[in-house]
Each structure stands twice: as C-alpha cells, then as structure tokens.
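The values are calculated or read from the model by the stated rules, or taken from the named source; none is laboratory data. All values reported here derive from a predicted model rather than from experimental measurement. Using ideal geometry, Cβ is built from the backbone for each residue, glycine included, and neighbour counts are taken over all protein chains shown. Protein only, heavy atoms only, side chains kept; ligands, DNA and RNA dropped before computing areas. Shrake-Rupley method; radii C 1.70, N 1.55, O 1.52, S 1.80 Å.
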Amino acid sequence: MAQSEPIPAATDHDRLLGVDVGGTFTDFVFLRDGEINIAKRPSTPDDPGRAIIDGLAEFGWSPEEVVHGSTVATNTLLTRTGAPTALITTKGFRDTLVIGRQARPDLYALHPQRHEPLVPQRLRYEVDERIAFDGEVVTPLDLAELDRVLERIERTRVRTVAICFLFSFINAEHEELAANRARQRGFNVSASYEILPQHREFERMSTTTANAYLSPVMSQYLDTLESRLKEQADGKVRLRIMQSNGGSLSGDSAGRNAVRTVLSGPAGGVAGAFAAAATDGYPYAITFDMGGTSADVALCPGRLLERTDLVVDDMPIRTPAVDLHTVGAGGGSIAWFDPGGALRVGPQSAGADPGPAAYGRGTVPTVTDAHTVLGRLRPEQQLGGTVALDVERARDAISTIAEPFGSVEIAAQAVIDVVNANMARALRVISVERGYDPARFSLVAFGGAGPLHACDLANAVGIPQVLIPPSPGVLSAAGMMIADITRDAEQGLHLTINPEDAGAVESLEAAFADIAALARSAIAEDGYTDGVGVEHAADLRYRGQSHELTVSLNEAQHAKAVREAFHEAHQERFGFSSEDTPVEVVTARAKARHSGYRGEVGGSQASANRATHTAVVTWDHARDTQILSRGGITGSVSGPAIITQIDTTVTVPPGWSAAPLSSGSFLLSRES
C-alpha cells in the first residue's frame, strides 16, 4: 500500500483552550503565551455550554481556539431527545431497524424488553429501487414514488431524513439521487453512502439513523456555543470538537457528523493519558479515568487501540472510536442496598446537581462522601479550588447505610471496596480477558477521582506501578488540547488477498487513492490543507469469519505484506493465526491528519500551603498520615500519605511510595 505521509510539526498556538464537560465538573486547560493554566468548575447539566461561557468569564480568559469534548451526542441517545426522524429505505426493508440481527438482549429473560428504534414505524418509508451485490442496477429508483414519500414526510412536519438503500456502499447512485431530491425540499439529510459506506445493512442503517437523529441537536448546541464564544472574543475564536477516535474536527463538521462524537469526552482522556505515559517512558499503559459519574478504562499496548463496533443503549454505532470500557462508577455514584440486602454502588449518580453530600447540597451516600468520612479527601483542600467539603454532612449521608456495618467508618470503607471491585472487573475485561498480562503494564490514573483509587486497583489486578500525570483531574481537557485534527473516510469492499493475485492489491490501492482524496477534501473543509498526512488501514478477516480486525497497512507494499500484517494482528488479538486461509478485505480506510498542539500540558501545581502536616486517616485502620501539597514535593514519599492539588487528591496507601519524575508526573510503586 502507499506509505503514510509524514505529518509536519504543529504550528505555534496562542491562547488555546481544552475544555471537557463532565457530569459533575467542567475542566479547563488554557494555554496563553506558553503558560498553562488549569481550572475546574461545577457543570450545568441543563445547558452544558453555560459552564464553559461562565468559566471563561470567571477566569478572565479569551481563547482564540477552543477544543471541546462534548457529551451532547451520548446523552441525546440515552435520553431519546433527538430530532424526530424519518427513514427512507429499499422496498421490503423498512423494519430492519427492529429486526436487527434477531439477537435477544437477555438470553434467559422470559419477557425480554427491547428499546424502541429511533424511528417509529409510522415514519419508516419504502421506495421501489434495487441494486445488486455487485453494484448492478436491478430496479431503477422510482422518482415519482420518492416524491410522494417526501410529500408525506413534509405533512408530518418532520424535517430530518435518514436514507439507507440496499448495497448503496457498492453503488451510491440511487442514494445520492434521493438525498439531493430531499435536500432540495429543505430536509436535513443523512445518507448512508456518506455516513457509513460499508456492508451489513442493519449496522449501516442504525448508524445513519443515529446520525440523522443527533445532527440537528448537536448543530444547534455547537452553533449556540460558538456564537457565545465569539461574543466574548469579538468574533475571533475557532471551535473544534473531539471525535470518538481521539482526533478533533471543526464544529460545523461535528454538527453534520454527530455520530462520530458519541465517545467525545472519554476519547480525550485516553489520548492525553497515553501521551503522558509515552513521555515518561511507559508506552504499555492501562488508562483509568474516574470522574464524577463513570469510570473509563482503556488498554494501550504501545499505541492507541481503535474499534468500530460501538453499542450505545443497544444501538450499534459503527464509527472509528478509541477502544475503551465504561462502568457506572464515579465520585458521585450512589451507595444503596439491593432487595437481597447486598451493598451496591452506582450506576446511579448524584451528578452535579445536587452532587455528593460532602459538596453541601446532596443527601444520599456517595463514593466522595465515603472518602470524606475516611479522611482521604481533606476538608482543608477545596476541590477544583471552589468546592469546600462538608464533613458532617458526608457523615450524615453515610450513616443512612451504616447500621448493618456497625459504624460509619466501616460503612464508608465498604462503599470504597464495592466500587473498587466494579472497576477492577472492568480492568480485567480489557486486559486479562483479551490475553494481556496486567503485570506488563502501568496504570495511568486520572480524572478527579482516579488517583484516589489507583493503588487499590493496581493491588487488585496485579499492576506493578501507577503513573499520576501532572494535572490528572483535567487530563481529558489536556488530551483534547493536544488532539490532532483528523478526518476519516472508508469504503466497503470484498477482495481476497492471495500472494499470487496482484489484481486484488491493485484494486485495494485504487480504493485507498479514492478515499484518501475524500479524507483530504474533508479536512480541507475544516480549514487544513498544508501539513496534512494520510494513513491507511483495512478491515480484514479470514474467509469464513463473520468479524474483522482493523489493521494498519501504511507499510504494506504487496499482497504478502498485507497477509502478514493480518496474521500478526490476529495472533496478537486471538492467540492464533491461520496462514493457509485466504484473507479477505472488507473495508478500506484512510485517515487525514493535521498535527495539534505539541507542548507541555501539565500546568502549575503551586500551592499557598506547602507545609507537611499529619492527620488521622482510615486505611486498614486509623493511621497517622502525611498530608502534603504536590507543589512542595521534591523527593520520594512513603505511604501512608495524602497528596493534594487543585484538581485531584492522590492517595499513597501503606506499603506504597510516590516519587516525582522530571516530567512532573508521579510514579507510585510498591515498597516491598
């Protein structure tokens, strides 16, 4: 295949802001004149953009460029608050969204419950047309029928249309004609040949429908946010949005391709954590991001792993995304008893409003309240520099579940143990269950709550060391700031790669040339024409398999190299390869990339109070514990110790030690 083109170093950035809107806090990392500033403030769930605008006004910042991780797409899907959407498809296939793959969501449920599709039956329409598997037109598109369908949709007052015809990924003639006709009538259109030109009609239809459902909501949110930003900056601001794959794209493109942002926030964290780990010489890393509502874990065996088979609320979403696993475990996760009397923690969260009891308004027991009761979150340290802890209110909340345990402290430790067990299970899913030994990796802990739990999880899973980046509480925002600008293009194929068949490789080369041009055109629309490189990959499988692996083909120059790259990837992922079996190409992929900011993103951790003092903190039992400000630590610290900073708190349990690295990160290791 054609080699990937080198990407020049990024140009200088002045007044660049990375901002991550989470369920509890909104995190800011601001670059101005080479200096990094960080901040946190409570999120505004009713209007996520308000927290950004209010924060900029409060801090007196005026960025020229904003890179934003958004949860709007995810929350819109989960709460079913997207735009009313109609679907136009090939005659006989309007119920594909409901039939799916006929997989039962719960195999043993006597009365299984399935989510309603995004498009109800009354808004699913058929037109007479048919394209064969080889792209040949079997039945021409009936334009008169199409016009009648569009008129019926107009009468429903629905303004958003998804179009998905059979085999349009091979021949898009009918879809393109239908999409143009619908756009002429003023509809917002998502067509599958533009959104996901790949095989598997159910996944293609589901992804296209999701994009249509999300795009009006995302566009309205981003247009409003951008206009607010421009008001503050006299029109001189540029907005970029994180994609699920760890890259970013312009606000306009994100509005049109909203389905590519469903993992926007978590992707920034993984990108930032991997960059921090690689800088410190630990490229084999497991990233652990624990915020107020959820915890995200990802395995990085020397590189960021991507996947394309997301499932959000039982909906398949096929789009490039960072390969991560999420559990409902955060600082705001609520502790409760199930009908059998067992203690559970999460997935319900106190969120930003009212938040944990320790924040002064909530009343239910949460993980943050448990840490406050045990003394691991310090009342003298304001969270994010703005939130003072209410210890008595936290004790009152934990006391509501304390009776079975005999004391508030034992109940608080039980809450920590349960949430740790949930997160340890997630770490095993992305490591042990995939054939990776956790002992070969370092745990990179970040998020507001991640460093509180990191050593406990390392003990539970068998990870030898923990890396705490300089500003872990805002690392997702930092990851967004350093994100490259990327645009993806793909094309469904069906080629068999044999060493003796040069024609298949030539066909793959031709497909790569076409989609590389598409990717370049897309990134040019975002304003990037110089310094753009293109990378190539393909979804490959053995003949007879029903699943594929995405394999980088930047350096593969001939059929043998393509096959060898797939054999190696299959061996790594599944523990075996079958070198005598024909290899099939299912999808060709191209990624256009322009480099983002490449400077330091640690920020200053200076504190007004650098003095060491001692307090009683409960670990296995109450112990005298050093309380230290991170800005004042120059040498190794033996546990037990609590290290405070503006954006998080780091616990160093008994038997562990913490040592500062030259990068500003901390390396936590077992002492024995």
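A few notes on this one:
- Most simply put, the chain has about 70% antiparallel DSSP beta bridges, counting only bridges with both residues inside it.
- Sum of -39500 (n - 2.57) over DSSP H runs of 4+, divided by residues of the chain (222 nm, nearest 500): -10000 deg cm²/dmol
- Between the stretch 469-532 and the stretch 177-246, the alpha-carbon centres lie 19 Å apart.
- Estimated FRET transfer efficiency when R0 is 25 angstrom, pair His547-Asp313 (beta carbons, to 0.05): 0.70
- Cα-based shape type of the stretch 508-658, given that a ≥ b ≥ c are square roots of the gyration tensor eigenvalues and the cut on a/c is 1.5: oblate
- Residue-wise HN-Hα coupling along the stretch 116-130, computed from phi with Karplus coefficients 6.51, -1.76, 1.60 (Hz; x: Gly, Pro): 5, x, 5, 10, x, 4, 5, 10, 9, 10, 10, 10, 7, 6, 7
- Neighbourhood charge, 15 Å Cβ-Cβ cut-off, centred on Pro283 and excluding it, Lys, Arg +1 and Asp, Glu -1: +1
- The eigenvalues of the Cα gyration tensor, multiplied by 5 and square-rooted, give the chain an equivalent ellipsoid with semi-axes of 44, 28, 26 Å from largest to smallest.
- Compactness index (Cα Rg / 2.2 N^0.38 Å), the stretch 12-114: 1.66
- Residue-wise HN-Hα coupling along the stretch 237-244, computed from phi with Karplus coefficients 6.51, -1.76, 1.60 (Hz; x: Gly, Pro): 8, 10, 10, 10, 10, 5, 8, 5
- Chain lengthening between Asn459 and Arg623 when straightened (0.36 nm per residue, less Cα-Cα): 57.1 nm
- Per residue value of the accessible surface for the chain (all protein chains in place, 1.4 Å probe), Å²: 40 Å²
- Note on the stretch 167-252: with charges restricted to the Cβ of Lys and Arg (+1) and Asp and Glu (-1), its dipole about the Cα centre is near 180 debye.
- The stretch 286-382: C-alpha gyration tensor shape, a/c 1.5 cut-off, then a/b vs b/c: prolate
- Charge-dipole axis of the stretch 397-446 as Lys and Arg at +1 and Asp and Glu at -1 on Cβ define it, positive-most pick from Ala402, Ser431, Val415: Ser431
- Scalar couplings 3J(HN,Hα) for the stretch 54-64, obtained by applying the Karplus form with A = 6.51, B = -1.76, C = 1.60 to θ = phi - 60°, are 5, x, 4, 5, 5, 8, x, 9, 9, x, 8 Hz; x denotes Gly and Pro.
- Here the accessible area is traced with a 1.4 Å probe on the protein chains. For the stretch 137-271, carbon and sulfur cover 45 percent of it.
- Remark on Phe25: its backbone amide H falls under 5 Å from those of Ser43, Gly292, a criterion applied only to residues 5 or more positions apart or on other chains, H modelled at 1.01 Å from N.
- Electrostatic dipole magnitude of the stretch 184-313 [Cβ: Lys, Arg +1; Asp, Glu -1; Cα centre; debye, to 20]: 300 debye
- Dimensionless Rg ratio for the stretch 338-454, taking C-alpha atoms and the 2.2 N^0.38 Å reference: 1.16
- Global form of the stretch 252-340, assessed from the alpha-carbon gyration tensor, a/c cut-off 1.5: oblate
- Size of charge dipole - the chain - debye, nearest 20, with Cβ of Lys, Arg +1 and Asp, Glu -1, no other charges: 1180 debye
- For Glu65, nonlocal amide neighbours, meaning residues 5 or more places apart or on other chains whose placed amide H falls under 5 Å from its own, are Leu17, Arg238.
- Of all beta bridges that DSSP places with both ends in the stretch 610-659, some 75 percent have antiparallel geometry.
- Carbon plus sulfur fraction of accessible area for the stretch 39-93, probe 1.4 Å, in percent: 56 percent
- Between helix 502-525 and the chain: long-axis angle, C-alpha atoms, 0 to 90°, nearest 10: 60 degrees
- Dipole of the chain computed with +1 at Lys/Arg Cβ and -1 at Asp/Glu Cβ about the Cα centre; of Pro654, Gly531, Val505, farthest Cα towards the positive end is Pro654.
- Considering only beta bridges that DSSP places wholly inside the stretch 505-654, some 85 percent are antiparallel.
- Share of carbon and sulfur in the accessible heavy-atom surface of the stretch 376-491 [1.4 Å probe, %]: 48 percent
- Between Thr79 and Ser636, the C-beta separation translates, for a Förster distance of 30 Å, into a calculated FRET efficiency of about 0.05.
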